[in-house]
Protein chains: 4
Amino acid sequence: MNIAFIGLGNMGGKMAHNLLNAGLTVHGFDLSEVAIAHFTEAGGIAYANPQAAAERADVVITMLPAAKHVKEVYLGENGVLAVLKTGSLCIDSSTIDPQTIKDIAAVGAKQGIQICDAPVSGGTIGAQAGTLTFMVGTQSNAFERVQSVLKPMGKNIVHCGEVGAGQIAKICNNLILGISMAAVAEGMALGAKLGIDPQALAGVINSSSGRCWSSEICNPWPGISANAPAGRGYSDGFATQLMLKDLGLAIEAAGQVKQPLLLGGLVQQLYQQLCMQGNAQLDFSSIIQQYLPKEA
Amino acid sequence: MNIAFIGLGNMGGKMAHNLLNAGLTVHGFDLSEVAIAHFTEAGGIAYANPQAAAERADVVITMLPAAKHVKEVYLGENGVLAVLKTGSLCIDSSTIDPQTIKDIAAVGAKQGIQICDAPVSGGTIGAQAGTLTFMVGTQSNAFERVQSVLKPMGKNIVHCGEVGAGQIAKICNNLILGISMAAVAEGMALGAKLGIDPQALAGVINSSSGRCWSSEICNPWPGISANAPAGRGYSDGFATQLMLKDLGLAIEAAGQVKQPLLLGGLVQQLYQQLCMQGNAQLDFSSIIQQYLPKEA
Amino acid sequence: MNIAFIGLGNMGGKMAHNLLNAGLTVHGFDLSEVAIAHFTEAGGIAYANPQAAAERADVVITMLPAAKHVKEVYLGENGVLAVLKTGSLCIDSSTIDPQTIKDIAAVGAKQGIQICDAPVSGGTIGAQAGTLTFMVGTQSNAFERVQSVLKPMGKNIVHCGEVGAGQIAKICNNLILGISMAAVAEGMALGAKLGIDPQALAGVINSSSGRCWSSEICNPWPGISANAPAGRGYSDGFATQLMLKDLGLAIEAAGQVKQPLLLGGLVQQLYQQLCMQGNAQLDFSSIIQQYLPKEA
Amino acid sequence: MNIAFIGLGNMGGKMAHNLLNAGLTVHGFDLSEVAIAHFTEAGGIAYANPQAAAERADVVITMLPAAKHVKEVYLGENGVLAVLKTGSLCIDSSTIDPQTIKDIAAVGAKQGIQICDAPVSGGTIGAQAGTLTFMVGTQSNAFERVQSVLKPMGKNIVHCGEVGAGQIAKICNNLILGISMAAVAEGMALGAKLGIDPQALAGVINSSSGRCWSSEICNPWPGISANAPAGRGYSDGFATQLMLKDLGLAIEAAGQVKQPLLLGGLVQQLYQQLCMQGNAQLDFSSIIQQYLPKEA
């Protein structure tokens, strides 16, 4: 198995590292010289453009910031589809809209190239530890092959459905996540203001019907969840601006199919407000700041 | 232990039944003759007013629809505080605002009567089975006694803090619950419209950061959670109008302490809209109807 | 015509002054000694309680903070209904829920006393100048008499319908006002951030379909509307906490008739947030602060 | 003056007609044969593509559905910029995002071609009657020339600022419009449910601080505003899906500059919900349906 890895940033670089650690040959490309330097130090082979990296590969993994970069890497001037052989496999782990990857997969299918989506959850910590969750959208007959490729990078590889289903699962999950985090922030801040001990309140919620990932694992009130960003000034978490990006994808996808997102539409703007106020890099659980009086 | 039980309706009647089953003597009152008939059939002793029932008791439990009834039963013309002896214990399991029970407890304290709040979760099914969760607000030195009284009716008796803390915990929990249910409804409806299989989507969410009680135990999409109301036409659940009542308590309490509930304020109105459209009696997970095209 | 005026605060004191200026005899009551002092200086006759003032009157005007005060003044221990003669007229200019005044009017009707609601708009400036708008709810046959009483205090006396209709009109108007002000704040802040000159933008809006009282008369962007609070640090306007009170009345009344207020529910919480942040006394157009980056 | 008019649909066709009526020569293009037929009947000269039409012209007017069409017509394969002479003037009256027209204008500027934006309000009725409002974004020195071109089509030609300012003004105006319409719908529906006569209520609002274009000119309650869509089943108005498009532009532009639109984010989804329920073609004042009980 010869792998080309396009996009060696905060996430992609760590993921490629795990492939190299597993003894695989990885041909890589990134626009950043720093990213390339880390990659070659770890044993990767760097190329001047995506196409050059893909020429040596039968599997391509992409991890890119947005849909336009994904389109460019697959279909653009130095795009990989132009050089891949029939029977190749491409896995896009970027978080983008479902339609874009469906469109690209349709182009690939004409050339006998299987393209699937496999966005991740788990953040840079999961990328480093090789414990990411991959939400895979692909034809059933390709899933086993996808699984074998992703195995060194993740501990949880879920087949969500046909191409695009991985992206759909991710944006729906993160839509719920973004709303429930704000809900927990409202509830914790209300309880504290009303005089209940936040620890006691969290205890009740987490053993009752209000419990959710945001109340248990990443409670926005400092000191509730062990190791949550709230305990370290909301640093080193899932940045508010990334949550904002994912909510934007949800709302865009919803608009395309004429589906209303009443809470989603509001909560997107609340995270936007948080970013405007200078908190774009903080963990999204810092939304609780909107519910606390400003410090003197 | 001689118990007076005031309020023998859907919840209170079943709770009193479990006390009788435990071999306790229960003096009861309710305005409804039907409720009284069920109570006496089960071995309870009925009285013409709350005071008459309380005269025979050293423990009073109240389970009433709203704050005004609670005030009336404790402080009104035939109120129980007028006849209880020093050292008596009163437990209010109604869901009301935290301030009202604090005010009543202050009156009781002057007479040497301990009054605490212990609202429940678990619904009529939990009431019948004796598996309710009680969220108890009381001074620490009274908690053990409260626990021994509530034991025949619940499996989970949580000490939340001082008087009022039980109500605070409940309204904060239900605030988060009401929002997260609507969030799951939005996410499931979006995913389904985008073409992912709802079972697969729920699977991803429930093993990821979107998971919550509303996605796991009471998923609003039919057929996902075993025994959830969604699978039986949203019947026999937590009625939308009761969720609406609890959200109203959260917003009222928040207003008293000048705390904003941005999502709470919106979601209250969404459940209000659902009630206006004739769904007040359906389980609150029927909020998903607002995200589905109307049937032809 | 002998008038009793109960409630001589910021609004009521100025209104009573205009009655005195018109040569009328005014018997007054207020809890505040300062208010009483101003009133007697202007020629009013002060009493120790509402009842004492009302005994000398055939017309009672009330201007009080909230429904509980109104109930107390009409129906309480020293309430005015106990001493008024058949044929008396009572006008409540407080802003309260519609149901309370209907209930009080029903009591009055049994004694042959006509009670109507006449909440005002125009603020303390209008109260001083005698240019208030009165929104009157009363039987048609009493409107002429009400008009003659209110004339020295207002320039616009509108008959809205039966008792309670004045309050309904006011809360519906202020609901729209509270939302449209926030809408103008969003639009002006967006335009400015996108680079259009705020003056030019306001010019377009005010000659187009976005125009409203909030964009024309009280634009939240400083320097657009002559004499608007935005031009003087949002001072001396309609305090955010009063807007919050009126939105609370709207939402309470809506809840009683099972009517959803989706934008109203959200906007109430936005003003609540503004109050939490220390701006309760500022004009409600200061909501625009939520749309501007915090100053360094 | 030789004019090329690209986009002869519902709006553009009527606008071109008014230019022809003013005795001008108009070279036109549209993809629809029906549109072309109406145009040539009225005296226009039709061409096979935008470029062919523009070759004969020194002024180009475009009226197209979305940004991608505008980009294609100016910069695409048969784009007009390739054939226009130095000194030509282009006026885009489409409603699109501000950035696209700025980008296109920058390309034009290099060729000495002035390109400006002039989106309209007034709908198909204003287009037919020649009474549109044009919101013009252009350098000051070009405004007079723009005005002379637009005069036969509009009665109100406003200079909003530099290129893009017309689009900014339009999306900010329509953002406020979309919110205030929903606000009026909430207020009117609430008042009616509380029992006030809708005519009386509208009268109070329109002479008070709740008044706005949506309450006066286009009240969503049937029978209030003369000639409003509410009086004819919400037909022949500003289609909900067009309001939805404009709100989408506002939110997209706001996202680009990190500006939150809290009410805008919610109201977009409310109109989306209305479209999902089958009302995309109805006037956007039909949003009031969300506040009324469903008919039996």
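The values are calculated or read from the model by the stated rules, or taken from the named source; none is laboratory data. The structure presented is a predicted model; accordingly, all values stated were derived computationally and were not measured. Neighbour counts run over all protein chains shown; Cβ positions are idealised from the backbone, glycine included. In case anyone asks, the SASA skips ligands and DNA or RNA and just uses the protein heavy atoms, side chains included. Shrake-Rupley method; radii C 1.70, N 1.55, O 1.52, S 1.80 Å.
Annotations for the structure displayed:
- On Cα atoms only, tilt of C:240-256 relative to the major axis of chain C in degrees: 70
- When Rg and the Kirkwood Rh are both derived from Cα coordinates, the Rg/Rh ratio for the stretch A:2-162 amounts to 0.92.
- Near-label residues of the stretch B:94-129 by backbone N, under 17 Å of a point 7 Å along Cα→Cβ of B:Ser235: B:124-125
- Shape category assigned to the stretch D:125-193 from the gyration tensor of Cα positions, a/c cut at 1.5: oblate
- Calculated on C-alpha atoms, the gyration radius of the stretch D:168-291 divided by its Kirkwood radius gives an Rg/Rh of 0.98.
- D (Stokes-Einstein, µm²/s), Kirkwood Cα radius, the protein assembly as shown, 0.890 mPa s at 25 °C: 75
- Longest DSSP-loop-exposure-free segment, GluC sites (Glu not before Pro), chain B, at most 12 other Cβ within 10 Å: B:78-294
- Angle between chain A longest axis and helix A:12-21 axis [Cα atoms, degrees, rounded to 10]: 60
- What the Cα convex hull of the stretch A:81-151 gives, in volume per residue, is 95 Å³.
- A 1.4 Å probe over all protein chains sorts C:Arg211, C:Arg56 by accessible area into C:Arg56, C:Arg211, starting with the largest.
- At most 15 other Cβ within 10 Å, DSSP loop - trypsin sites (Lys or Arg not before Pro), the stretch B:67-101: B:Lys85
- Once both labels are positioned 7 Å from their Cα atoms along Cα-to-Cβ, the gap between D:Asn141 and A:Glu144 label points is 7.3 nm.
- Note on the stretch B:234-296 and the stretch A:108-176: Cα centroid distance 36 Å, given to the nearest whole angstrom.
- Once both labels are positioned 7 Å from their Cα atoms along Cα-to-Cβ, the gap between A:Leu292 and B:Thr25 label points is 5.4 nm.
- Residue by residue along A:197-208, Cβ atoms of other protein chains within 10 Å of the local Cβ number 6 on average.
- Antiparallel bridge percentage (DSSP; both residues within the protein assembly as shown; nearest 5): 15
- B:Ser225 accessible area, assembled protein chains, probe 1.4 Å, Å²: 10
- Annotation for the C:D interface, with buried accessible surface near 5000 Å², both sides summed [1.4 Å probe; non-protein components not counted].
- Label 7 Å beyond Cα on the Cβ vector: A:Glu33 copy-to-copy distances, nm: 6.0, 8.1, 9.4
- Peptide A:155-164 shows a mean partner chain C-beta count of 3 within 10 Å per residue C-beta.
- Förster-model FRET efficiency, 35 Å R0, B:Lys155 and B:Ala48, C-beta, rounded to 0.05: 0.55
- If R0 is 51 Å, the Cβ-Cβ spacing of A:Ala226 and B:Lys68 corresponds to a FRET efficiency of close to 0.70.
- The mean accessible area for residues of chain C, using a 1.4 Å probe and ignoring ligands and nucleic acids, is 35 Å² per residue.
- Cα centroid separation, the stretch D:50-90 to the stretch B:57-96 (Å): 80
- Carbon/sulfur fraction of accessible area - chain B, other protein chains in place, 1.4 Å, %: 51
- Mean separation of Cα contacts under 8 Å, 6 or more apart, over the residue count of chain B: relative contact order %: 12
- With Cα atoms, 0 to 90° folded angle of helix C:98-110 axis to chain C main axis: 10
- Label point of A:Glu144 (7 Å along Cα→beta-carbon): distances to the other copies' equivalent points are 6.4, 7.9, 9.6 nm, sorted ascending.
- Relative contact order of the stretch B:1-142, taken over Cα pairs closer than 8 Å and 6 or more residues apart, is 21 percent.
- Largest first, the extents of the alpha carbon coordinates of the stretch C:182-237 on the three principal axes equal 29, 21, 18 Å.
- Shape category assigned to the stretch B:218-296 from the gyration tensor of Cα positions, a/c cut at 1.5: prolate
- Length, then width, then depth: along the principal axes, the Cα atoms of chain D run 65, 45, 34 Å.
- A Förster radius of 25 Å combined with the Cβ-Cβ distance from B:Glu252 to C:Leu75 puts the calculated FRET efficiency at roughly 0.55.
- Lysine pairs within chain B, Cα separation less than 13 Å, 8 or more sequence positions apart or different chains: 4
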